[in-house]
Amino acid sequence: MSRIYHKGPARVEANLTAFIDVTFLLIIFFILVAQITTAENAPLVLPAVHDRVSTPIAREDRVIVNCLPTAQPTYSVGSHVFAGANAAEQLGALLRDAQHRRPDIEVSVRADRTAPYGHVHPAMQAAAMAGIQKVQLIIVPPEGEL
Amino acid sequence: MPMPTQQPEQAGPSAASEEPIHHVPIRRKRAVPRPVTNLNLTAMIDVVFLLLLYFLLVTNFAKDEEALRVDLPDPLAPAAVVDPFVIEDLPVVVTVTSVGNGPGDYRIHVDQPAVGSVGSFADLCSTVQAGRFDRGGYLYGDEQVFLIRAASETRWEHTIGTFNALVRAGFAHVHFLPPTEADP
């Protein structure tokens with residue numbers, strides 16, 4: 001019984017407004033980030049390189065080309081997937097279009113560590129033929145090495 | 001405890017024409033319970049937390065990824081003027097071959113008798129680095145061009161490991177040759 005107001009037991013209520021605000025912001029953040037990640041980065045096991053001379057990934061104005069470890073050459077760029085014998089030509093057409101729209105664009109080649117070189121080189125060649133000189137080869141640090 | 005009686009407001013001469021102020025004693029005011037509007041947020045917070053947990057678990061951050069930079073040649077650029085009195089260094093071809101499915105199952109061969117086969121990426125790096133003029137070697141200058149040759153079936157992790165070793169040795173002109181059909 002509240003001794004001050006004599007109106008019954010004092011009610012303790014937490015003000016959850018700010019808490020809910022922050023939680024919603026977190027949810028919106030994760031929704032956006034999850035969509036971007038799944039759309040651009042295919043689930044690949046990237047090559048782990050020891051004693052690497054790598055640089056942080058430049059994230060502005062780049063096209064991510066995923067080279068999938070399949071029997072036939074398969075490349076994915078965002079929601080576009082090119083597979084088969086003409087995959088490199090189709091990829092080249094897309095990269096040419098991207099280079100026309102943004103001349104200083106870069107290409108990030110994400111290739112699975114088990115992908116054959118015969119599938120990865122055409123992706124780099126397609127970038128060169130599209131007039132894109134700056135290419136990033138994406139790797140990861142080995143386990144326990146940062 | 002006696003409650004102080006509310007004093008009537010001091011009304012000016014201009015307020016005489018307005019509506020009269022009804023005096024309501026405080027005891028009577030407190031007696032009337034004020035309606036309280038509470039929104040029950042429990043279910044919403046439950047759902048919000050479930051969503052938050054879902055996205056925390058599902059989101060895959062690519063934060064560990066790094067890049068090895070390659071400057072590709074411009075196929076449309078005009079051919080450079082060659083000075084006939086300059087003896088250019090021949091490019092050095094480094095052949096990498098996959099001999100298994102493991103990260104260490106590879107062979108590297110440098111097409112120079114002074115170097116030949118090397119056992120690992122680290123050996124390749126240290127060997128070509130020791131051949132640099134500025135390191136007391138007699139094989140390579142700063143502008144030495146290295147060409148990486150690999151078969152179509154060579155694993156990408158072996159090819160990019162070779163590239164990293166040559167760049168780590170301090171050479172800026174490292175290029176990839178088109179894949180060969182069979183293991184070279």
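Worth pointing out:
- Take the conditions (1) open to solvent by less than 90 Å² (accessible area, probe 1.4 Å); (2) modelled with pLDDT of 80 or more; A:Ile57 misses just one of them, which is (2).
- Residues within region B:136-184 that are in contact with a His (Cβ under 6 Å, 6 or more places away or on another chain) and under 20 Å from B:Gly100 (Cβ atoms), tallied: 1
- Scope region B:87-105; condition touching a residue at least 12 places away in the same chain (Cβ under 8 Å) and open to solvent by less than 30 Å² (accessible area, probe 1.4 Å); matching residues: B:Val92, B:Val93, B:Val94, B:Thr95, B:Val96, B:Thr97, B:Ser98
- Selection over region A:88-100 of residues that are open to solvent by less than 10 Å² (accessible area, probe 1.4 Å) and either under 19 Å from B:Arg155 (Cα atoms) or facing another protein chain (nearest Cβ under 10 Å) (or both) gives a count of 0.
Residue-by-condition table, conditions (1) within 20 Å of the chain's Cα centre (by Cα); (2) buried (at least 23 other Cβ atoms within 10 Å of the Cβ):
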{"residue": "A:Arg102", "(1), (2)": "yes, no"}
{"residue": "A:Arg110", "(1), (2)": "yes, yes"}
{"residue": "A:Pro116", "(1), (2)": "no, yes"}
{"residue": "A:Pro122", "(1), (2)": "no, no"}
{"residue": "A:Gln125", "(1), (2)": "no, no"}
{"residue": "A:Ala128", "(1), (2)": "no, no"}
{"residue": "A:Gly131", "(1), (2)": "no, no"}
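- Of all residues assigned to region A:32-40, none qualifies as being touching a strand residue (DSSP E or B) at 6+ places or on another chain (Cβ under 7 Å), away from chain B (no Cβ under 11 Å) and over 30 Å from B:Ser120 (Cα atoms).
- Conditions (1) at pLDDT 90 or above; (2) open to solvent by less than 10 Å² (accessible area, probe 1.4 Å): number failed by B:Glu157: (2)
- Flag for A:Val65 being buried (at least 21 other Cβ atoms within 10 Å of the Cβ) and within 17 Å of A:Ala128 (Cβ to Cβ): yes
- The set of residues in region B:116-154 that are open to solvent by 20 Å² or more (accessible area, probe 1.4 Å), touching a Pro at 6+ places or on another chain (Cβ under 7 Å) and within 14 Å of another protein chain (Cβ to nearest Cβ) comprises B:Leu147, B:Arg149, B:Ser152, B:Glu153.
- Pair list, Cβ < 9 Å and 6+ apart or interchain, from region B:36-58 residues that are more than 10 Å from chain A (Cβ to nearest Cβ) to residues that are basic (Lys, Arg) and open to solvent by 100 Å² or more (accessible area, probe 1.4 Å): none
- Residues that are among the acidic types (Asp, Glu) and touching a strand residue (DSSP E or B) at 6+ places or on another chain (Cβ under 6 Å) within region B:137-184 comprise B:Glu153, B:Asp183, listed in sequence order.
- Number of positions in region A:121-146 that are facing chain B (nearest Cβ under 7 Å) and part of a helix (DSSP H, G or I): 5
The values are calculated or read from the model by the stated rules, or taken from the named source; none is laboratory data. What you are looking at is a predicted structure, and each value in this text was computed from that prediction instead of being measured. Don't worry about glycine lacking a Cβ; one is built from the backbone with ideal geometry, like all the others, and counts go over all protein chains shown. Surface accessibility is based on the protein's heavy atoms, side chains included, excluding ligands, DNA and RNA. Shrake-Rupley method; radii C 1.70, N 1.55, O 1.52, S 1.80 Å.
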